[in-house]
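> Questions regarding the structure given below will be posed in turn.
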């Protein structure tokens, strides 16, 4: 397995086309594209890495997985009155369906749905406390208290993230936000600004593996459902393609990270900042396809 | 397990709300709603059933799984130039995205995509021969030469299926059909008119389980990919919900049948003619949710 | 005025970019692009022409104006239960809104709406008779019994017009056609195949001018309403632009003809086969803009 | 004519269904529904009124006409690079097309387009100065220095107008705003908060009549073009219907006012706070239909 990871890292480093680094906030645009890391946290406790697996990166939308777990922990299935469970077939920041469907976002992994999730765990309380709880959840999952929020990234998103402001105000106009737009966006941008390395992210993802050795943060049924949602919605309008090519549930972020779950086996984090046309890590996706092919790991038999 | 199936059948029979039987063709509208069957074909060769598992029904869109396998066998990945792999987020007979996306259907399981799949295995040849090949594939998979097409259902669909004619002409106007509209629709309506019982359908689905004991009709990678597509697209705009609630890849038909695959374990067929608002079997979906909960079978750990 | 028309014809002939001739049926694709004609039929009976004003061309969608008048004459405001009165903001052959709006086309000038109009004046009767009535209306309006249908064009459209077949079947699937799809399309394609010269078309349009000297084929209120519909919907998703630039109600056809009404003054026909990106005659539109600017004719003061 | 206006006012007062008063801001929700006024300012200087023609109301979107004239005066046809000229076929506050068309609003009369217009006359300068200029334009047009902004209404819209905030941030995310979102919205909400009576509004609209006696605020070509835009886009997704029923260019506001232009004849203002399903004054529209029928005034002959 270590050999495989090293080989994957080598192939990635040699790839001539590394995709395009996200430019929508200055902090992300400045990231060096020529980086690749992978980490595998096995259900038995082992952890293997290759490449730049210790370099911290902005997890961005990967945070939506942890936010969803936290929100479900708080309100349970009540969440589904305010957000759907279907793939949207549209880009991560689309506002179109929100109009068609009267302010109920299609799923918790597109930005509009994630804003509702954030509003749910924020629960009308203090953003600082809510973020503290989210960080607490992630740190417990990863068994690592050094995980933190990059304040500069959060501020940068708050200043330039007009699309997210547009989505949040739209939700508010439909009555689908409990806290003020400013509080929700403040919390959301900080949530997206969480920084982790591949090693940390792989560790944090272990609560979604079925195993006696992983932190029991969510019950079995909820774990399966979060995985199901990652499978059908985790890569936006590239979700079908990821399921087809990789065959494992995963959630991507515009910072270039992807968290992938091999149920019963391992939590995998891969990172490379260049993106494909869906806004998912290009080399990360290719690496996971190679990984799945070589290990034969697939939930589909 | 036999006890579980019997219990599931009893719960289904006792259900006060059995959904609405499809009315868009007279032959389907006449089906008695008060029926429910389930069959499980295990990877080791055993087969268990409960309820009306021997009653033949119109498999309708479940046929798209076999058609996809046949078309991939014929042209391989070339198929993906003509049809996508993403959930559509819209109903099974939607034409809207076809306009947005210049005649490339979103996936092979919505009607527009299935017409392209049919056109692919038809390959410009004789509809009778092409249907013979499809039946041959299904009979081999089910190890049952009695499986046949209900000519009356096929004719009924040809006479009243304006929506499918609309889709086919649209595809033709975009240059995405090789055979004539009439040939493609003739073949497609006959394909949809295939009749099987739960027992036969469960048997026919075994080629999608990973097992030494099942018919080796497709290679491992293709099997996984078909399962992946069933997971993300098999229930139209209810696919996310099915993945969330059942956690297994499945494909539904408007006749009330659902084929569900538990990789490495079993092929399951469930049938009840009443439909929910997505056009999927209402009791069938509920039965599969109960089945998944009680067996703990889920690809998501 | 004669000088102005000659000047307009000269400018048109000298134009380096004449647009693209429609290619969707072979009969239209073969038309020589280098032609331009204009004819003005004044309310006092005078008629002036310039350029190729005697050359017959396929009026195509301009026929929808006459078909609308005929259908309104038959069923009056009942028509508006089956077709809307709003601009669609989409191309002439779009099917998208039909799905959104359950088979009620946005207006009678997009293809879907025109099929409903045709179905209305067809009224379940014989296509030949219905077409006879339409031709009768046009011949009376133009005071010219030589106006006829080009059978070759009609047949060509019937063979290759998959988009219109798609629209008609969609309407049928929504229950918004009374006659069979084949009858409606047969009638519609013949209607589109009517051939007229600019001179004939300008003459035929006189019933939409307010004047004591023009044929009293429709009452004043209906005349105004047809003009209103031409203004808001007559150029598909280029209607706003035509109103802005020309300021007179008009209806274009893919054959390159445009019928323009200057209320109280004249009926104007202009023709040049090359189209702009909305499917409206490029030189025809430019000529009308020049005409409106130079005459100062505008309904907007 | 005075008799006609009185009759119209009586019919309106007697109408059992007066529509629904807009509720999206508290200040508008509090307006007494049982009011109706009409004023006609003739090109020769006469002015006739009936009903509550002296009661000031919030002109809301009617302000977009004056804003458009001001913006065109500032940048001319440059404006059309940033906003379209086509009817949108969607509601006044729709964001859907903005996504489809990359941040270029369909026309200056839907909210998204009006925000671009406001940004254009704001021109990066001080909102107070820009509003001063707009008020100056309107006061000159109406020859009435008492016209002013209702600060309470403006503040109310700033606090509760999430939909407009959503639109503005979306435009900003597409790079189609020059000033900050806050400045544009501040200016826009004050613009919408302008208060006028029917008498004042009819007077202010005279610059859009063709006449030697009306203030020469815009050139003839521009006047026609603004009228054209009012005709095709002035009533949102009810524009076709208004053109069909009334036959004169008009612009409505959610406060219940409508400004209608009869080119060469008069500027008409009608007001009644109850709205129809398109967000246009219900009694106002009906009154204008009656007015047009009885006077025979119609741009369509």
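> May I ask you to say which residue of C:93, C:77 is more than 18 Å from residue D:90 (Cα to Cα), within 14 Å of another protein chain (Cβ to nearest Cβ) and at pLDDT 95 or above? Reasoning before the result, please.
Values: C:93 fails: at pLDDT 95 or above.
Among C:93, C:77, only C:77 is more than 18 Å from residue D:90 (Cα to Cα), within 14 Å of another protein chain (Cβ to nearest Cβ) and at pLDDT 95 or above.
> In contact with a helix residue (DSSP H, G or I) (Cβ under 8 Å, 6 or more places away or on another chain) and under 28 Å from residue B:242 (Cα atoms) - does that describe any residue in segment B:175-189?
Yes.
> So which residues in segment B:178-196 are assigned to a loop (DSSP other than H, G, I, E, B) and buried (at least 24 other Cβ atoms within 10 Å of the Cβ)? Give the derivation first.
Just the residues of segment B:178-196 that are assigned to a loop (DSSP other than H, G, I, E, B), to begin with: B:178-180, B:193.
Listed by number, the list holds a single entry, B:193.
> Could you identify the single residue in D:148, D:162 that is under 25 Å from residue D:216 (Cβ atoms) and under 21 Å from the mean Cα position of the chain (by Cα)?
D:148
> Identify all residues within segment A:98-111 that are within 11 Å of chain D (Cβ to nearest Cβ) and closer than 17 Å to residue A:64 by Cβ; write none if there are none.
Result: A:98, single match.
> Here's something else I'd like to know. Among the residues of segment B:218-227, count how many are more than 12 Å from the chain's Cα centre (by Cα) and either at pLDDT below 95 or more than 7 Å from chain A (Cβ to nearest Cβ) (or both).
Counting residues in segment B:218-227 that are more than 12 Å from the chain's Cα centre (by Cα) and either at pLDDT below 95 or more than 7 Å from chain A (Cβ to nearest Cβ) (or both) gives 5.
> Here is a further query. Taking only segment B:75-89 into account, find how many residues are buried (at least 19 other Cβ atoms within 10 Å of the Cβ) and touching a residue at least 40 places away in the same chain (Cβ under 8 Å). Show your work before the answer.
The initial filter retains those residues of segment B:75-89 that are buried (at least 19 other Cβ atoms within 10 Å of the Cβ), namely B:79, B:82-89.
Next, from what is left, pick out any that are touching a residue at least 40 places away in the same chain (Cβ under 8 Å): B:79, B:82, B:85-89.
The total comes to 7.
> Out of all the residues in segment A:114-132, is one or more under 29 Å from residue B:236 (Cα atoms), within 14 Å of chain B (Cβ to nearest Cβ) and part of a helix (DSSP H, G or I)?
no
> Do we have residue B:265 as farther than 17 Å from residue B:35 by Cα, modelled with pLDDT of 95 or more and out of contact with any strand residue (DSSP E or B) (no Cβ under 6 Å at 6 or more places or on another chain) here?
Taking the combined requirement at face value, the residue satisfies it.
> Tell me whether segment A:164-179 contains one or more residues that are in contact (Cβ under 8 Å) with a residue 60 or more places away in the chain, in contact with a strand residue (DSSP E or B) (Cβ under 9 Å, 6 or more places away or on another chain) and more than 10 Å from chain B (Cβ to nearest Cβ). Steps first, please.
Going residue by residue through segment A:164-179, those that are in contact (Cβ under 8 Å) with a residue 60 or more places away in the chain are A:164, A:166-167, A:170-171, A:173-177, A:179.
Filter again for in contact with a strand residue (DSSP E or B) (Cβ under 9 Å, 6 or more places away or on another chain), leaving none.
No, every residue in segment A:164-179 fails to be in contact (Cβ under 8 Å) with a residue 60 or more places away in the chain, in contact with a strand residue (DSSP E or B) (Cβ under 9 Å, 6 or more places away or on another chain) and more than 10 Å from chain B (Cβ to nearest Cβ).
> For residue A:40, state whether it is within 14 Å of chain B (Cβ to nearest Cβ), touching a strand residue (DSSP E or B) at 6+ places or on another chain (Cβ under 9 Å) and crowded, with 24+ Cβ neighbours inside 10 Å. Give the steps one after another, and end with the answer.
Working: within 14 Å of chain B (Cβ to nearest Cβ): no; touching a strand residue (DSSP E or B) at 6+ places or on another chain (Cβ under 9 Å): yes; crowded, with 24+ Cβ neighbours inside 10 Å: yes.
When the stated conditions are applied, residue A:40 does not pass them.
> Which number in (1) assigned to a loop (DSSP other than H, G, I, E, B); (2) within 19 Å of the chain's Cα centre (by Cα) marks the one condition that residue D:34 misses?
With (1) assigned to a loop (DSSP other than H, G, I, E, B); (2) within 19 Å of the chain's Cα centre (by Cα) applied to residue D:34, the lone miss is (2).
> Quick test of your reading of the structure: residue B:301 fulfils all but one of (1) surrounded by 24 or more Cβ atoms within 10 Å (Cβ to Cβ); (2) within 12 Å of chain A (Cβ to nearest Cβ). Name the failing condition by number.
Among (1) surrounded by 24 or more Cβ atoms within 10 Å (Cβ to Cβ); (2) within 12 Å of chain A (Cβ to nearest Cβ), the lone unmet condition for residue B:301 is (1).
> Sticking with this one: Taking segment C:284-296 as the region of interest, how many residues are away from chain D (no Cβ under 13 Å) and within 21 Å of residue C:214 (Cβ to Cβ)?
Residues meeting the conditions: 2.
> Taking residue C:22 as the residue in question, decide whether it is farther than 13 Å from residue C:202 by Cα, surrounded by 18 or more Cβ atoms within 10 Å (Cβ to Cβ), at pLDDT below 95 and in contact with a helix residue (DSSP H, G or I) (Cβ under 7 Å, 6 or more places away or on another chain).
yes
> Within segment D:43-57, can you find the residues that are surrounded by fewer than 23 Cβ atoms within 10 Å (Cβ to Cβ) and assigned to a loop (DSSP other than H, G, I, E, B)? I'd like the intermediate steps shown before the answer.
Going through segment D:43-57, the residues surrounded by fewer than 23 Cβ atoms within 10 Å (Cβ to Cβ) turn out to be D:43-49, D:52, D:54-56.
If the condition is that a residue be surrounded by fewer than 23 Cβ atoms within 10 Å (Cβ to Cβ) and assigned to a loop (DSSP other than H, G, I, E, B), then D:43, D:44, D:45, D:46, D:52, D:54, D:55, D:56 are the ones that fit.
> Could you please tell me which pairs satisfy a Cβ distance under 9 Å, a separation of 6+ or placement on different chains, a first residue in segment B:1-25 that is without any contact (Cβ under 8 Å) to a residue 12 or more places away in the chain, and a second residue that is not in a helix (DSSP H, G or I)?
Matching pairs, first to second residue: B:7/B:50; B:10/B:50; B:10/B:51.
> OK, next. Given the criteria modelled with pLDDT of 95 or more, surrounded by fewer than 21 Cβ atoms within 10 Å (Cβ to Cβ) and touching a strand residue (DSSP E or B) at 6+ places or on another chain (Cβ under 8 Å), does residue A:131 qualify? Give the steps one after another, and end with the answer.
Values: modelled with pLDDT of 95 or more: yes; surrounded by fewer than 21 Cβ atoms within 10 Å (Cβ to Cβ): no; touching a strand residue (DSSP E or B) at 6+ places or on another chain (Cβ under 8 Å): yes.
Answer is no for this residue.
Each row is one residue, and each column tells you yes or no for (1) surrounded by fewer than 24 Cβ atoms within 10 Å (Cβ to Cβ); (2) free of Cβ contacts under 8 Å to residues at least 24 places away in the same chain; (3) within 11 Å of another protein chain (Cβ to nearest Cβ).
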| site | (1), (2), (3) |
| --- | --- |
| A:210 | yes, no, yes |
| A:216 | yes, yes, no |
| A:229 | no, no, yes |
| A:236 | no, no, yes |
| A:240 | no, no, yes |
| A:251 | no, no, no |
| A:265 | yes, no, yes |
| A:282 | yes, no, no |
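> Can you say whether residue B:197 is within 22 Å of residue B:280 (Cβ to Cβ) and at pLDDT below 95, as far as the supplied structure shows? Steps first, please.
Values: within 22 Å of residue B:280 (Cβ to Cβ): yes; at pLDDT below 95: no.
So residue B:197 does not fit the description; no.
> Does residue A:72 satisfy being modelled with pLDDT of 95 or more, surrounded by fewer than 24 Cβ atoms within 10 Å (Cβ to Cβ) and within 30 Å of residue A:178 (Cβ to Cβ)?
yes
> I would also like to ask the following. Those residues that are in contact with a helix residue (DSSP H, G or I) (Cβ under 9 Å, 6 or more places away or on another chain) and under 30 Å from residue B:205 (Cα atoms), I need them from segment A:256-284; list them, please.
Residues of segment A:256-284 that are in contact with a helix residue (DSSP H, G or I) (Cβ under 9 Å, 6 or more places away or on another chain), as a first pass: A:256-263, A:265-281, A:283-284.
Selection gives A:260, A:261, A:262, A:263, A:265, A:266.
The values are calculated or read from the model by the stated rules, or taken from the named source; none is laboratory data. What you are looking at is a predicted structure, and each value in this text was computed from that prediction instead of being measured. Cβ atoms come from the backbone with ideal geometry, glycine included; neighbour counts cover every protein chain shown.
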